[in-house]
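**Q** I have a structure I would like to understand better, so I am pasting it below and will then ask my questions one at a time.
Each reported figure results from applying straightforward, stated rules to the coordinates on display, with no laboratory input. Just so we're clear, the structure is a prediction, and the values are computed from it rather than from any experiment. Cβ atoms come from the backbone with ideal geometry, glycine included; neighbour counts cover every protein chain shown.
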Amino acid sequence: AGGLDSLESWLLRGNGCQWPHSDWHSEQMTTMRHAPGAIRLCWHCDNLLREQFTERLKSIAVENTTKWVLSVVCRDLGFDDMHAVTLPEL
């Protein structure tokens, strides 16, 4: 599906920091790789969370990876992101 670089590009097309546990967010976005994928973070949260590995960060990365793979499948099959992918389509 394009690897982590493709996932990170897809994430940066979205809006906002994905870490909800901060009182302030920078307008500048970046990505942080966290197994099994990546997370979109503002620069402020990236500085706070860099090199940390938690279950909460992992769950965000899993959700991002899942949504991205389904988005790539839909795109490659000619569907929009609203299409519900079925098992035979995978």
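**Q** According to a simple spin-label model (label point 7 Å from Cα along Cα-to-Cβ), what is the distance in nm between E63 and T86?
**A** Label at T86, label at E63, 2.9 nm between them.
**Q** Hey, another quick one. Find out how many positive minus negative residues lie around S26, taking Lys and Arg as positive, Asp and Glu as negative, among other residues whose Cβ is under 13 Å from that of S26. Write down the numbers at each step before the final one.
**A** Working: positive: R40; negative: D23, E27, D46.
Once all neighbours under 13 Å are counted, the net charge is -2.
**Q** In what order do I60, I39 fall by count of nearby beta-carbon atoms within 10 Å, going from fewest to most?
**A** Least to most surrounded, the residues fall as I60, I39.
**Q** Let me ask something else about it. Once the Cα atoms of helix 55-77 and of the chain are each reduced to a long axis, what angle between those two axes, in degrees from 0 to 90 to the nearest 10, is obtained?
**A** Long axis of 55-77 versus the principal axis of the chain: about 30 degrees.
**Q** Give the cysteines in the chain for which no other Cys Cβ lies under 4.7 Å away, or write none if there are none.
**A** C45, C74
**Q** How much length would be gained if the chain were fully extended between W24 and R75, taking 0.36 nm per residue of separation minus their Cα-Cα distance, in nm to one decimal?
**A** 14.9 nm
**Q** May I ask for the net charge around D81, where only other residues with Cβ less than 11 Å from the Cβ of D81 are counted and Lys, Arg are +1 while Asp, Glu are -1? Kindly include the intermediate steps, with their values, before the conclusion.
**A** Numbers: positive: K67, R75; negative: D80.
Result for the local shell: +1.
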